[in-house]
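Just so it is clear, none of the values below were taken in a lab; they were calculated from the coordinates. Remember, predicted model here, so these are calculated numbers, not experimental data. Every residue, glycine as well, gets a Cβ built from its backbone with ideal geometry; the counts of neighbours run over all protein chains shown.
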Amino acid sequence: MYLKYFGLRDYPFLSTSDRRFYYLSEGQQRASDYLKYLLVVRDGIVILTGEPGVGKTVLVDQVCANLPEKVKIVHFHQTLLSVDEFLLSICMQLDLQPEYKDKPHLLEAIKNFAMDQHLNMQPVLLTIDEAQNLSPLILEEIRLLANLEMFGRKLIQVILLGHPELRVNITSLPSDAFLQTVRLNHHLEPMQREEIREYIDYRLYVAGNDGRLVFPTELLDGIICYTGGIPRLVNQLCDMMLIAAYINKTNDISSLCLHNAIHKLAWPLYIERKSDLPLHTTNQAEVTIRPLPLLVVRKGDVIVGKYLLNRKRMLIGRQKDLDICIDEAKSSRIHAQLIFLYGQFFIHDLNSMNGTHIANNKIRWHELNDQDEIRIGQHTLSYQLSSIGSDSIETETCPMESDPIEKSTAAASG
């Protein structure tokens, strides 16, 4: 659609797995190094978790493609199976046809095949996507398969890929026998701000960008807010931004393109779709804590603002029209947010450049307690549950009636 207009050879932000566009983030590099080692020594089960779209499958495919030995790979995408269906699926992918389809004969066929492969220096690798759906019975069969040995080496290497709840499922098993076979339990984190910038530039370069397409640095905070640094979501959003620019006949990827892309995708903020802390929509417009909590903002010893926390969501950052403005270079434009749920306030860092700290600890999520001090750069934000009535406190507030990104883009379009 827009290839000729932008002078590109290929679409840079398709969600399909294309090794030409593979970008190795710092976290993926660490996971890749561990995987390469364990696949060479063939010892134990590998667990790789991460949010949907973070790049688990692409990472494993990339590692397998560069293995020095020829590996027989069995890849599962469907995990809602019974034990017999699971074993039969392995046999089908290995082109095995046991005389009988009961469990003992299926297991015997798999073991004999793995032994033959081992003698021919062609190990068997079993990779399972969506492993968080596996039943405890299948996990036990996987453990037994992973324990098969010959001449001091494992016959079958197993990699489990799944959402973060996979870790919970495994630690909840009645026995720790499975955990004892796990050699690597790695969680892939989303990309950070600088990695997102490099990721976008790299994919544009591979697609043939001659320099005319530039995603401005000032748009990164908005991209992070709506994608959480998840590569798949970054692809979808950036592709829609290019479509918006093409429709408007401009090479300038502006905040208006970001606004239009989000509008067309009908996306909420990433935090509202995130799985590790459920956010339930309610009809309640205001915070129910009485008296209202107070956030006192200091720079050094000087109080620069007091804010009554009277909204269920309040944005913090350098941008002037946010609920709580932190005017300093170490604060990102949209740095963090305060979220009210289940009768309590949480502070959530929005993938900021310099981080959000409490008691010298860098946090992502934190449930706020009375007298907690949040540090952003040189500013300290003190959370206070005062017993004084709300009306007796002089406060500064910046009520926000719409999304700050929406406001800034609307101004640009006007």
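What the table below lists for this structure:
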{"item": "Segment 14-45 residues near the modelled Asp61 label - backbone nitrogen below 11 Å, point 7 Å along Cα→Cβ", "result": "15-22"}
{"item": "Three-way shape call for segment 1-94 based on the alpha-carbon gyration tensor, with the a/c threshold at 1.5", "result": "prolate"}
{"item": "Exposure proxy ranking, count of Cβ atoms within 10 Å, fewest first, for Ser82, Ser331", "result": "Ser82, Ser331"}
{"item": "Expected 222 nm ellipticity per residue - DSSP helices of 4 or more, -39500 (n - 2.57), all of the chain, to 500", "result": "-10000 deg cm²/dmol"}
{"item": "Under 18 Å from Lys264, Cα to Cα: lysines that are on another chain or at least 8 residues apart", "result": "Lys249, Lys407"}
{"item": "Ser172-Tyr5 FRET efficiency (beta carbon distance; Förster radius 51 Å; 0.05 resolution)", "result": "0.45"}
{"item": "Sequence-distant aspartates and glutamates (8 or more away, or on other chains) whose Cα lies within less than 20 Å of Lys330", "result": "Glu194, Glu195, Glu218, Asp221, Asp301, Asp321, Asp349, Glu373"}
{"item": "Cβ-derived FRET efficiency at R0 30 Å, Arg313 paired with Asn251, nearest 0.05", "result": "0.30"}
{"item": "Calculated FRET efficiency for the pair Leu14/Val40, C-beta based, R₀ 56 Å, to 0.05", "result": "0.95"}
{"item": "Spatially proximal aspartates and glutamates relative to Lys4 (Cα-Cα < 17 Å; intrachain offsets below 8 disregarded)", "result": "Asp210, Asp239, Asp252"}
{"item": "Per DSSP, loop trypsin sites (Lys or Arg not before Pro) in segment 197-237 with at most 12 further Cβ within 10 Å", "result": "Arg212"}
{"item": "Within the chain, longest stretch clear of exposed GluC sites (Glu not before Pro) (DSSP loop, no more than 13 other Cβ within 10 Å)", "result": "100-285"}
{"item": "DSSP beta bridge pairing in segment 18-163, given as percent antiparallel to the nearest 5", "result": "10"}
{"item": "Unsatisfied cross-links (Cα-Cα over 29 Å) in the set Lys56/Lys154; Lys36/Lys111; Lys36/Lys362; Lys36/Lys103", "result": "Lys36/Lys362; Lys36/Lys103"}
{"item": "Charge dipole magnitude, Cβ of K and R +1, D and E -1 - the chain, Cα centre, debye nearest 20", "result": "680"}
{"item": "Simple spin-label estimate for Met115 and Ser382 in nanometres, 7 Å along Cα-Cβ", "result": "7.3"}
{"item": "Filtered chymotrypsin sites (Phe, Trp or Tyr not before Pro), segment 1-51: DSSP coil and at most 16 other beta carbons within 10 Å", "result": "Tyr2"}
{"item": "Convex hull per residue volume in Å³, alpha carbons only, for the chain", "result": "179"}
{"item": "Least to most buried among Cys91, Cys257 (fewest other Cβ within 10 Å first)", "result": "Cys91, Cys257"}
{"item": "Residues His379, His357, sorted so that the one with the fewest Cβ neighbours within 10 Å comes first", "result": "His357, His379"}
